[in-house]
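Novice: Just dropping this structure here.
The values are calculated or read from the model by the stated rules, or taken from the named source; none is laboratory data. Worth saying up front: this structure is predicted, and the values here are computed from it rather than measured. Reconstructed Cβ throughout: ideal geometry from the backbone, glycine too, with neighbour counts over all protein chains shown. Side chains are part of the model used for accessible areas, which takes the heavy atoms of the whole protein and leaves out ligands, DNA and RNA. Shrake-Rupley method; radii C 1.70, N 1.55, O 1.52, S 1.80 Å.
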Amino acid sequence: MISNIRYWFLMLLVLLVYVAGMFVTLFENDSAQFATMAMRMVQENDFLTLFKGPEEYLDKPHMHYWLAALSFKVFGIHAWAYRIPAILATLLGAYSCFGLGKLLYNADTGRLAALIFMTAQTIVLSVIDVRTDAVLTGFAILAIWQLAIFVETKKLGPILLGAFGAGIAFSTKGQIALVVIGIPLLCHLAYTRKWKVLLNWQVLLALVIFALAIAPMLYAYYHQFDLHPEKIIRGRGERSGIFFIFWEQSFERMSGAGMGKNSSDYFFFFHTFLWVFLPWTIIAIAAIVSRLKTFWKLRFSYNPKYEFLTLGGIVLIFVLISFAQFKLPHYLNIVVPLFSVLTASYLHSLRKFSKRKPIKTLLGVQYFILGLVFVASALICFYVFKFHGLWNYLWKVALVLVAIYYSLKREDYYLRIISVSAISAIFLNAILNLHFYPSLLKYQAGSEMAKVVVENDIPVDKIYKISERYTWAMDFYNQRPLIISSLEDIRNKKDIWVYATDGELRELNDQGFDWDRQYTKDQFRITRLQAKFLEPATRKRVIGKMHLIHIY
């Protein structure tokens, strides 16, 4: 197995990448939106009511926003404070991967599973572009691990902790948490034939703990919606928050009725997985194929040398979410812990049984991925957004030397696979967090305009917008949502500021408004990159403008 020194060195580099990402400007839409919603809780001292701009928010439960609000209470309203709960939940997820890997296999598999989890691309991204999935993933895998311990040992502590983890996960994103936790455990029970464990009296106590864990969220939903059936939410009255979270939410997402449909591609998550689990994707696919062959040969009969929790959970969850009509790449985060444990066990088995040919092939694949990372990083640093400053060259050269050292070091192929893969993830995400994202976010007008507001002492309570268009980054970094108004409302106002698009600026001019100061920033939807934007020669063609004008 990899030495402690190297293991913790790689983990330290991963954590430094995470820390660097803490100070990146929040992305629009979701990160800035959720941070603004949590900020509003703190500023209004109302932790029971969720608002998305002027609209009451029913879609997701409260836990993510409560944790962010708690962080704001402790550390102040900052982007890095918003990310703290996500990072802590991710560390919890990594430790739970270690625990689950150790339980199902051995400590070496658990350690490797934690490293794989921490370096999977979607997990690194989830602590930068923070949504609800980081908290969901961390507590869901905690619940799976602890409940699996209970199945094996029938001890009281693990089932209570597992029930608590399930409650927090459910309070973060609803029914999907129970699906993600339940399917792998049902696969484990079915394979090990340990159904009798469900008849234990401790299960009833666990249900009580789960109920207590979700009670605050249910009360908040009841307070905001069930007590007020007159409210019109998404065009409907008589909305019950409790009924929604227990029944309607998942069906709305599966059918697209509530969120709308964005993909009917049943293979969306299959091809999305190719980048989501980088740099471990090919190894994970090999692990899936190998384990399927093994179970097929066994005719799925029980063998204590194998486990079906990870493979069964992955396959069934993949099939289930593939039928959803509303799909986003980060929905796969919930299965990354299972992939991490399965991938780690596969690598460990290759080493244990000295399967030199597949190990050598996988090492070649990982060298190829590292090469692609080098090429992509060079393009980012010297073409898309050019490097400036000696410090940028120093840390990049240091990482290149580390990558070369572990690539050329004469040692077991198994150790090289781990080191090269981890370094690939560390190198790429260091480039993204320290260079690419900061350069990219200069084209997010809201956060850039908020700097103008600070630099010019513009009163935030005098900034208006003349539509209900969301301005999350501007709202968060001003620490105050822009005032929604109309042309008629602002016509008789003096000494105010208006934040406007190109079209709104033309409309203001056509309506006879005069202004004496104007600030303009580039605007691009940075979470929807396209080739014309990344190409410097064509970037100006796809960039819009946002304006802040002073009407005197």
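Novice: Going down the table (Lys102/Lys196; Lys231/Lys521; Lys154/Lys305; Lys451/Lys532; Lys327/Lys540; Lys293/Lys357), which pairs top 29 Å between alpha carbons?
Specialist: Over 29 Å Cα-Cα: Lys231/Lys521; Lys327/Lys540.
Novice: Still on this structure, please answer the following. List the trypsin sites (Lys or Arg not before Pro) within segment 138-231 that DSSP assigns to loop and that have no more than 10 neighbouring Cβ atoms inside 10 Å.
Specialist: Here the trypsin sites (Lys or Arg not before Pro) that fit, given the DSSP loop and packing criteria, are Arg193.
Novice: Going by a ≥ b ≥ c, the root eigenvalues of the Cα gyration tensor, does segment 1-120 fall in the rounded group (a/c under 1.5), the prolate group (a/b larger than b/c) or the oblate group?
Specialist: prolate
Novice: Between beta-carbons, use under 13 Å as the cut-off and find the net charge around Tyr191, counting Lys and Arg +1, Asp and Glu -1.
Specialist: +3
Novice: If the chain between Ala107 and Tyr57 were fully stretched, how many nm would it gain, using 0.36 nm times the residue separation less the Cα-Cα distance?
Specialist: 13.7 nm
Novice: Once you have a ≥ b ≥ c as the square roots of the Cα gyration tensor eigenvalues for segment 278-391, tell me rounded if a/c is under 1.5, and otherwise prolate or oblate according to whether a/b is larger than b/c.
Specialist: It is oblate, given that a/c is not under 1.5 and a/b is not larger than b/c.
Novice: Identify the GluC sites (Glu not before Pro) of segment 474-515 meeting these criteria: DSSP loop state and at most 10 other C-beta atoms within 10 Å of the C-beta.
Specialist: Answer by residue number: there is no such site.
Novice: Helix 30-44 sits at what angle to the longest principal axis of the chain, using alpha carbons and giving 0 to 90 degrees rounded to 10?
Specialist: Approximately 70 degrees, to the nearest ten.
Novice: Something else: For the residue pair Lys305 and Ser290, what label-to-label distance in nm results when each label sits 7 Å from Cα along the Cα-to-beta-carbon direction?
Specialist: 1.3 nm
Novice: For the chain, what does the relative contact order come out to in percent, with C-alpha contacts under 8 Å and a separation of six or more?
Specialist: Values: 798 pairs, mean separation 87.4, N = 552.
Taking the mean separation of contacting Cα pairs over the length of the chain, I get 16 percent.
Novice: Relative to the longest principal axis of the C-alpha atoms of the chain, give the angle of the C-alpha long axis of helix 133-153, reported between 0 and 90° and rounded to the nearest 10°.
Specialist: So the helix axis and the longest Cα principal axis differ by about 20 degrees.
Novice: Right, here's the next one. To the nearest 10 degrees, how steeply does helix 336-352 sit against the main Cα axis of the chain, on a 0 to 90 scale?
Specialist: 30 degrees
Novice: What percentage of the solvent-accessible surface of segment 417-547, computed with a 1.4 Å probe over protein heavy atoms, is contributed by carbon and sulfur atoms?
Specialist: 45 percent
Novice: At 222 nm, what value in deg cm²/dmol follows for the chain if DSSP H runs of at least 4 each add -39500 (n - 2.57) and the sum is divided by all its residues, to the nearest 500?
Specialist: Per the formula, -19500 deg cm²/dmol.
Novice: Now for a different question. At 1.4 Å probe radius, can you tell me the per residue accessible area of the chain in Å²?
Specialist: So the chain comes to 44 Å² accessible per residue, rounded to a whole number.
Novice: Could you compute Rg(Cα) / (2.2 N^0.38 Å) for segment 404-484, with N its residue count?
Specialist: 1.87
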